[in-house]
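Written out below as structure tokens is the structure these notes cover.
No lab work stands behind these numbers, since they all come straight from the coordinates. As the structure is a prediction and not an experimental result, all values here were calculated from the model. Methodologically, a virtual Cβ is constructed for each residue, glycine included, from the backbone with ideal geometry; neighbour enumeration extends over all protein chains shown.
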Amino acid sequence: MLLVSFIFPLKAAKITAVKVGSKISVTIDGKYFTSYIFSGDEKYPFFYPVNGPLSGGSVTSMRNGEYPHHSSLFFGCDLVNGGNYWQEGLERGRIISVNAEILKEGGDTVIISDECIWSRPGALSPVKDSRRYTITSVSASVKQMDVEISMEMLIDVTIKKTNHSLFSGRMAADLSVKNGGTLVNAEGESGEKATFGKASPWMDFSGKRGDFTEGMAILQHPTNPWYPSPWFTRDYGFFSPTPMYWPANDKETVLKKGEKLVLRYRVIVHGGSVSEARIAELFELYKKAN
């Protein structure tokens, strides 16, 4: 079935990256894996495609017909001091990349960094953030992206209750529950009805593609504020650990000027089911990561 070397690969993969215009593209052992897109006409930076290790096709979707503001693998937030840094309409708010660069490439790791300003016409910028993405290959069938985003409040910030908040993934249609795929959390609860609003360390989406299965998991690091955040899930393929939809006072999240939040996630792009990809074991390793 799948390789036995999920945790310990037989040999290190060669991972490279190249920056052309407003895109940084990553290859693993000569195969295109993903691109970090930070174009000036986009709402926010994001990764697309995020190609599966078996099919070579993206496990995420982009500009889908139901919700065109879902951009594959992304980070944003709505209802921030009256601005919208999530949905369509650049005039409502944008997260602008100002310094995307490749810190490391060519060995067994690619590291991408970026600095971003949250901006809206006629309003003070509420947030600036710095991002670091570390891409590695666990095995031929498991690819990994470590995400660290540090948010600094430039002014007092109020985020009203919103389901549109922070790190998110939108799966390709063929991997959605609606089309026969599986959505499951760390507790083994499956599907939107069982997982919506449930706090869990990780969540995985996977589904059949021809003769094999592919998927993607999002893991929350235990050092995150609000860990483990409840998840906003949809059977059509969306999932996100979403603390702003369940704030402590059920109304809003208030952050003071100068306050900093450090958010860490691990994305696992895998062949096989959640058990075959050993997502639970990979999370235990992630828990120990500094």
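Based on Cα coordinates alone, diagonalise the gyration tensor for the range 102-168, multiply each eigenvalue by 5, take square roots, and list the semi-axes in whole Å, largest first.
Each semi-axis is the square root of five times an eigenvalue, giving 31, 15, 8 Å.
For the range 1-150, calculate the relative contact order in percent as a whole number, restricting contacts to Cα pairs under 8 Å that are 6 or more residues apart.
Relative contact order for the range 1-150 comes out at 21 percent.
Report the local net charge at Met145: Lys and Arg +1, Asp and Glu -1, summed over other residues whose C-beta lies under 13 Å from its C-beta.
Combined, the nearby Lys, Arg, Asp and Glu give +3.
So what's the convex hull volume per residue for the Cα atoms of the range 99-232, in Å³?
162 Å³
Provide the net charge surrounding Thr60, with neighbours chosen by a C-beta distance below 15 Å and charges set as Lys +1, Arg +1, Asp -1, Glu -1.
Net of charged neighbours comes to +1.
Within the range 150-182, which residues have the backbone N less than 19 Å from the label spot 7 Å out from Lys251 along Cα→beta-carbon, could you tell me?
156-163
So how much slack lies between Tyr227 and Leu90, counting 0.36 nm per residue of separation and subtracting their Cα-Cα distance, in nm?
My answer for the length gained is 46.2 nm.
At R0 = 30 Å, how high is the FRET efficiency between Asn163 and Lys288 if r is their beta carbon distance? Nearest 0.05 is fine.
Given R0 = 30 Å and the Cβ-Cβ separation, E is 0.45.
Grab the beta carbon distance between Asp108 and Asp211, set R0 = 25 Å, and tell me the FRET efficiency rounded to 0.05.
My answer for the efficiency is 0.25.
Just to be sure I understand: if I project the alpha-carbon convex hull of the range 15-287 onto a plane and average over all orientations, what area do I get in nm²?
Projected area, direction-averaged: 13.4 nm².
In the chain, which longest range has no trypsin sites (Lys or Arg not before Pro) that are both DSSP loop (not H, G, I, E or B) and surrounded by at most 13 other Cβ atoms within 10 Å?
It works out to 64-250.
Using only the Cα atoms of the range 55-119, what semi-axes does the equivalent ellipsoid have when each is the square root of 5 times a gyration tensor eigenvalue? Give whole Å, largest first.
26, 20, 8
Hey, can you grab everything whose amide H is under 5 Å from the amide H of Gly237? Only 5+ residues off in sequence or another chain; H modelled, so Pro and N-termini drop out.
Val177
If Lys and Arg each add +1 and Asp and Glu each add -1, what is the summed charge of the other residues whose beta carbon sits under 11 Å from the beta carbon of Asp129?
0
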